[in-house]
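Reading through the structure tokens given below for one structure.
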Amino acid sequence: MVISVITVLLAIIAVSLKLNQQSMEMQKEILVNAEILLSYDDDDIILSKDDITLSGEENFEAVLDTSDTKPAIHSYSGVQLKNILYSNNVDLENKTSIILSAADGYSVAYSISEVLEDKNVYIAYTEDGQYLGNKDEGGRGPYESIIVSDSFSNRRCKWLTKIEVK
């Protein structure tokens, strides 16, 4: 009986690892192609950089505060997350949160109300006139989520690959 339980557990672990590996490979491909997976209801849409910028590119300022640097205001280019959602006809009624996930497995949740707040949540791709760079080059991009009202920068999602509406 104990051997049967152990065998079943090992099989579950093996399947989970395989599924996770496939997901990580997909996220890496999305990152390399500078795309974002938008997932809502039963739909999954791959957004290209053109799809994102056509949602309304804006310039904005936000504080960047890392463990290695003092807080400083930087200039960014990006698109408000709510505009990306609206451009793709995402219905936010009866939704409570938006989960943003990175290529390294990190995820952060934003409430619908903070996403809908004007000029608050952005998907950025440049900082001080320079592209954010990719993970392999030591950058934080090609995309990073930024909440302008977060003066500690602790709710950003660098290497953004997925936006999931819940």
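Considering only Cα-Cα distances, which of the following residue pairs are longer than 23 Å: LYS95/LYS135; LYS95/LYS119; LYS119/LYS166?
Violating the 23 Å Cα-Cα cut-off are LYS95/LYS135.
For the stretch 148-164, backbone phi angles converted through the Karplus equation (6.51, -1.76, 1.60; θ = phi - 60°) give residue-by-residue couplings of 4, 6, 8, 6, 9, 6, 8, 10, 7, 10, 7, 6, 4, 10, 8, 10, 10 Hz, Gly and Pro being listed as x.
Please arrange LYS158, LYS95, LYS166 by counting, for each residue, the other beta carbons lying within 10 Å of its beta carbon, fewest first. Present the calculation step by step, with values, prior to reporting the outcome.
Numbers: LYS158 19, LYS95 16, LYS166 11.
With the fewest neighbours first, LYS158, LYS95, LYS166 line up as LYS166, LYS95, LYS158.
Reported to two decimal places, what Rg/Rh ratio describes the stretch 39-90 when computed on Cα atoms with Rh from the Kirkwood expression?
On the way: Rg = 14.6 Å, Rh = 13.0 Å.
Ratio of gyration radius to Kirkwood radius for the stretch 39-90: 1.13.
With the cut-off at 23 Å, report for the chain the share of all Cα pairs above it, as a whole percent. Walk me through the numbers on the way to the answer.
Numbers: 5588 of 13695 pairs.
The calculated P(r) of the chain puts 41 percent of pairs beyond 23 Å.
Averaging the Cα positions of each part gives two centres, and for the stretch 23-96 and the stretch 98-163 these lie 7 Å apart.
Here, each number is a calculation from the coordinates, and none is a lab measurement. It should be emphasised that the depicted structure is a prediction, and the values quoted were computed from it without experimental measurement. When we count neighbours, we look across all protein chains shown, and the Cβ atoms used for this are built from the backbone with ideal geometry, even at glycine.
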